[in-house]
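First up is the structure itself, then whatever we jot down about it.
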Amino acid sequence: MKKSILKYLERQEYISGEILAKKLGISRVAIWKQIQKLKNMGYKILSNQNLGYCLVSSPDLLLPEEIQKELSTIYVGQKIYYFYDLESTNITAKEKALSTKEKIDECTVIIAEKQTGGKGRLGRKWLSPKGGIWLSIILYPQISPSYIPRITLMTAVAVVKAIEKYTQIEAKIKWPNDILVNGKKACGILTEMSAELDLINWVVVGIGINANINQGEFTDDLRDTSISLKEVLGKEISRISLVRTLLKEFEKDYEALKRREFPSILKEWKLFSNTLGKTIKVNIGEQIVTGKAIDINEKGALIVKKQDGELVEIISGTILKVNKREK
Ligand code: BT5
């Protein structure tokens, strides 16, 4: 209902409570109550006894009504659960995916203004103050669990394209899940899943973008390695517009993945990569592999050529050190 009221408020300067009530088939009191709710959410709405209601401004919040206003996707983000603060959007998304009470549509989005327990991979922490974009998307891909790295690669491609399209900032992908701007981390991706043998039950893709974060907000340990888009541009960005662009790019690439067009995504990934061609040191749990990152295979795994010529396929790992590109 709030969404419908906003649609009318945006169309004209003033609209009377009576007309709104008629158009929406509810009482004037119900309209008044909804207007109070919108005001509480941060919408500035003037009320005039004779003229009715007039929308002055919308709040700078990632409200579903705002994102969906001009969202041109078919299904990605058509259902959004919004929270002001949350422990982690990935945790909530997993709870939703596991819920037996509710049927959660594919590409439902969970979004929060800030996270109190934002998660990175392997139990690492993800700093998530207000001003960033912290969201998770629930997927039910019909692929073998061994192809799951494809989802992270595809998401990284979508994020880079969205950042470039919306801000003109050039972003690069550091395998597997970091998006770098000027060599510093501007975004991280956390892909989690539940699977049985050869079947994926659900996948949650968490995306964290340092959008409007001041450099001073990064903790000491992150200051030299992290960056925000605001810092690069020297001004705040519209997080709502960036989210819309991201959801659109995500849908295009996810559709391509469903059509089995992974090679075209991989081609783009390689264009954006700052890992391939470089000598790297990768931590893969118990082991550290050193060698040249030469390719990504059809599963989405990184292929590293060791000095002795042995090829190692790495599904998941953390790059510890990167040396210059070698010929
Ligand atoms: C990641 O892990 O990069 C995945 C981050 C995913 C965050 C999103 S936000 C929405 C969704 N909900 C969640 O709870 N998570 C997802 P990893 O590759 O393990 O990198 C983690 C490391 O990045 C940390 O150990 C820090 O060194 C660094 N880091 C933490 N917060 C950062 C930030 N805001 N910007 C840049 N680097 C950060």
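The values are calculated or read from the model by the stated rules, or taken from the named source; none is laboratory data. Source: prediction; values computed, not measured. Note that each Cβ is placed from the backbone with ideal geometry, even for glycine, and that neighbours are counted across all protein chains shown. Remember, those area values only see protein heavy atoms, side chains included, never the ligands or the DNA or RNA. Shrake-Rupley method; radii C 1.70, N 1.55, O 1.52, S 1.80 Å.
Here are a few things to note about the model shown:
- A crude spin-label estimate for the pair residue 13 and residue 33, with each label 7 Å from Cα along the Cβ direction, gives 3.2 nm.
- For the chain, built as a Gaussian network whose Cα springs stay under 10 Å, the top-fluctuating residue of 193, 154, 41: 41
- J(HN,Hα) series, region 254-264, from Karplus relation 6.51 cos²θ - 1.76 cosθ + 1.60, nearest Hz, glycine and proline x: 5, 4, 4, 4, 5, 7, 6, 9, 4, x, 6
- Subtracting the Cα-Cα distance of residue 298 and residue 321 from 0.36 nm times their residue separation leaves 5.8 nm of extension gain.
- Restricting the calculation to Cα atoms, region 63-146 shows an Rg/Rh of 0.98 when the hydrodynamic-style radius is the Kirkwood one.
- Shown in residue order for region 311-322 are the 3J(HN,Hα) couplings computed by the Karplus curve 6.51 cos²θ - 1.76 cosθ + 1.60 at θ = phi - 60°: 9, 10, 9, 10, 7, 8, x, 10, 6, 8, 8, 10 Hz (x for Gly and Pro).
- Per residue, the chain exposes 50 Å² of accessible surface when a 1.4 Å probe is rolled over the protein heavy atoms with every protein chain present.
- Compactness of region 259-320, expressed as Rg and Dmax over alpha-carbon positions, Å: 11.9, 38
- In terms of overall dimensions, the chain has a Cα radius of gyration and Dmax of 22.1, 83 angstrom.
- Three-way shape call for region 108-168 based on the alpha-carbon gyration tensor, with the a/c threshold at 1.5: oblate
- Hydrodynamic analysis of region 192-245 uses the Kirkwood radius over alpha carbon pairs. Inserted into Stokes-Einstein at 4 °C and 1.567 mPa s, it gives a translational diffusion coefficient of 94 µm²/s.
- Estimated FRET transfer efficiency (residue 194, residue 74; beta-carbon r; R0 22 Å; 0.05): 0.30
- Spin-label proximity, residue 130 to region 37-78 - amide N less than 12 Å from point 7 Å beyond Cα toward beta carbon: 42, 60-62
- Stokes-Einstein translational diffusion, region 129-240 - Kirkwood Rh over all Cα pairs, 0.692 mPa s, 37 °C, in µm²/s: 222 µm²/s
- Of the residues 131, 188, 25, the one that moves most in a GNM of the chain with alpha-carbon contacts below 10 Å is 25.
- For residue 219, solvent-accessible area (1.4 Å; no DNA, RNA or ligand), Å²: 60 Å²
- Relative contact order of region 1-113, pairs being alpha-carbon contacts under 8 Å that are 6 or more residues apart, as %: 22 percent
- 15 Å cut-off, amide nitrogen to a point 7 angstrom out along residue 106 Cα→Cβ, residues in region 233-258: 250-258
- DSSP-loop GluC sites (Glu not before Pro) across region 169-211, with at most 15 other Cβ within 10 angstrom: 170
- Calculated FRET value between residue 21 and residue 236, using beta carbons and R₀ = 45 Å, to 0.05: 0.75
- Across region 22-122, the convex hull enclosing all Cα atoms gives 159 Å³ per residue.
- When the pairs 7/37; 33/96; 2/22 are compared against a 19 Å limit on Cα-Cα distance, 33/96 fall above it.
- The C-alpha atoms of the chain define a longest principal axis, and helix 149-167 lies at about 60 degrees to it.
- Applying 0.36 nm per residue to the separation of residue 114 and residue 48 and subtracting their alpha-carbon distance, the gain on full extension is 20.2 nm.
- Surface/4 estimate of mean projected area, convex hull on alpha-carbon atoms of region 208-327, nm²: 9.9 nm²
- Taking amide H as placed 1.01 Å from N in the peptide plane, the amide H of residue 185 sits under 5 Å from that of 226, 227, each at least 5 places away or on another chain.
- Accessible carbon and sulfur surface of the chain relative to its total accessible area, %, 1.4 Å: 50 percent
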